[in-house]
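Worksheet: the structure to be examined is printed underneath.
Computed from the coordinates by the stated procedures, all read-outs in this text should not be read as laboratory data. These numbers were taken from a predicted model, which means no experiment stands behind them. Methodologically, a virtual Cβ is constructed for each residue, glycine included, from the backbone with ideal geometry; neighbour enumeration extends over all protein chains shown.
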Amino acid sequence: MLDKLSSAFKKGFDKISGSIFLDKKTIETIVKDLQRALIQADVNVHLVKELGDKIKAAASNEKIKGIERKEHITKILHDEILNLLGKEKHEIIIKKGEQKKIMLVGLYGAGKTTTTGKLASYYSKRGLKTAMISLDVYRPAAASQLEQLGKQTKIETFTDKTEKDPLKIYKKFEKQLEEFDLIIIDTAGRHNLDKELVDEIKTLTNEINPNYKLLTIQADIGQTAKSQASEFQEACDINGVIITRMDSTAKAGGALTACNETNAPVYFIGTGEKMNEIETFNPNSFISRLLGLGDLEGLLEKVQSAVDEKSQRKLKTKLEDGNLDLKDFQEQLKQMSGMGSFSKIAGMIPGMGKAKIPEEMMGLQEEKVKKWQHAIDSMTQEEIKHPEIMEKQTARLSRIAKGSGTTTTEIRQLLKQYRMLNDLASGSDIANMDATAPMSQKQMQKLAKKYGKKMKF
């Protein structure tokens, strides 16, 4: 995500911290590199120039000397980038029993229907009874697509493929929708914000009374996001924005900064094609990730999106009872895979973002996890429940290796990691935690310090 911009930021911060003397030439080089990267990310040229001027002004302040001067420039740079993206994190907090409605609006091709499924999955994994409803009567496949997403995420979905009045569709299911904590509403798009679309959104708003109207835009439109967000704000009074396809374009920086210029807060960003690849947008955490400093909050959010509340409670009980077997370990591997690629996860772990891990190495790690899953599938129930019987019986290891297309060495690695997880559980670092509450940063750091070097995937 924004690799070139991230690389430029890291180099800039490293040059500032590594320089014995921050002379004018060094500052000029840093500023030029940052400006070039920001422009390549489609950030407004005037904003880029202002950022450069502020950094130069901070650097030329003769009253600030030595290390304090470095810290001052670093803080200015960090704060100005934060200003570009938006200072605050905006959240939609929903409590059980207090029904909320989120209505997604936008033009054709922005990804409203897919985002409807992602949002529903996001909140469902957090214990909310969630429903989706399709009010898109213009795109023939929209209702069918939402139904498929509903089956995939096991979320109740309401559609009517024959009715051509979106309001009538909503009224038809209104009584049934009363039992849900959250309703995500997918609406129709157009090629542009014409009078027909504006009138339709206003009618639905007046009758349905959604708590949030969120504009869905794709990241690859870059600075055009400014005019689109402004037009929808003026015409439809939107509450905020969801930016999709953040992972597939270099223009994402332009879309983020453009929305900030219009005071349209970005609530969520889409980071991939999978249903769990959506996250709340936190400007501070986003910058931290760009700088290679990790994003623990985002990582915990990913964990919550990959593992539902019921599964978390089940795991907690297993850990407390000491009944964790290889099948449970396999389930953890599957859930980890559901969080996304190793490269995405690694970028969120403090310190890992700066580590230069080859892409091919990341691929090898993912392949290893797949092999481990195949190996577990080739084991007997006795071996799954009592993995220790395989430790000294090479015949068992050879049979499993042959049946799963792995090697005995890979199976021994699997058993070693399983033992690590059991050691972790017996130490009660996890078992004593609230399974439904996110770990604190302190807890994460404690676990990372204690087990990080031992856990090798």
Query - Cross-link pairs Lys101/Lys172; Lys172/Lys274; Lys118/Lys161; Lys129/Lys327; Lys161/Lys213; Lys371/Lys402 - those with Cα-Cα distance over 19 Å - result: Lys172/Lys274; Lys118/Lys161; Lys129/Lys327; Lys161/Lys213
Query raised in the report: Summing Lys, Arg as +1 and Asp, Glu as -1, what charge do residues with Cβ under 14 Å from the Cβ of Gly111 carry, Gly111 excluded?
Result: -1
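Explain nothing, just the number: dipole magnitude of segment 3-85 about its Cα centre with +1 on each Lys and Arg Cβ and -1 on each Asp and Glu Cβ, in debye rounded to the nearest 20.
Details: 16 positive and 13 negative charges, 51 e Å.
Dipole about the Cα centre, nearest 20: 240 debye.
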Report summary line: Sorted largest first, the C-alpha extents of segment 100-291 along its principal axes in whole angstrom are 48, 37, 26
**Report entry** Long-range HN-HN contacts of Lys100 with modeled amide H, under 5 Å
**Finding:** Leu182, Ile183
**Report entry** Under Karplus coefficients 6.51, -1.76 and 1.60, residue-wise ³J(HN,Hα) of segment 239-248 in Hz, glycine/proline x
**Finding:** 8, x, 9, 10, 9, 9, 6, 4, 7, 10
Query raised in the report: When only alpha-carbon atoms count, how far does segment 3-85 stretch along each of its three principal axes, as whole angstroms with the largest first?
Result: 35, 21, 20
Report task. Give the whole-number value, in cubic angstrom per residue, of the convex hull volume spanned by the C-alpha atoms of segment 166-231. Result -> 105
Query raised in the report: Once you charge only the Cβ atoms, +1 for Lys and Arg and -1 for Asp and Glu, what is the size of the charge dipole of segment 100-291 about its Cα centre, to the nearest 20 debye?
Result: 440
Query raised in the report: What's the long-distance tail for segment 79-203, i.e. % of Cα pairs beyond 25 Å?
Result: 28
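What is the local net charge at Thr249, summed over the other residues whose Cβ is closer than 13 Å to its Cβ (Lys, Arg +1; Asp, Glu -1)?
Details: positive: Lys4, Arg245, Lys251; negative: Asp3, Asp42, Asp220, Asp247.
Net charge around Thr249: -1.
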Requested in this report: Compute the Cα gyration tensor for segment 105-179, then decide on rounded, prolate or oblate, letting a ≥ b ≥ c be the square roots of its eigenvalues: rounded whenever a/c is under 1.5, prolate when a/b is larger than b/c in the other cases, and oblate in all that remain.
Outcome: oblate
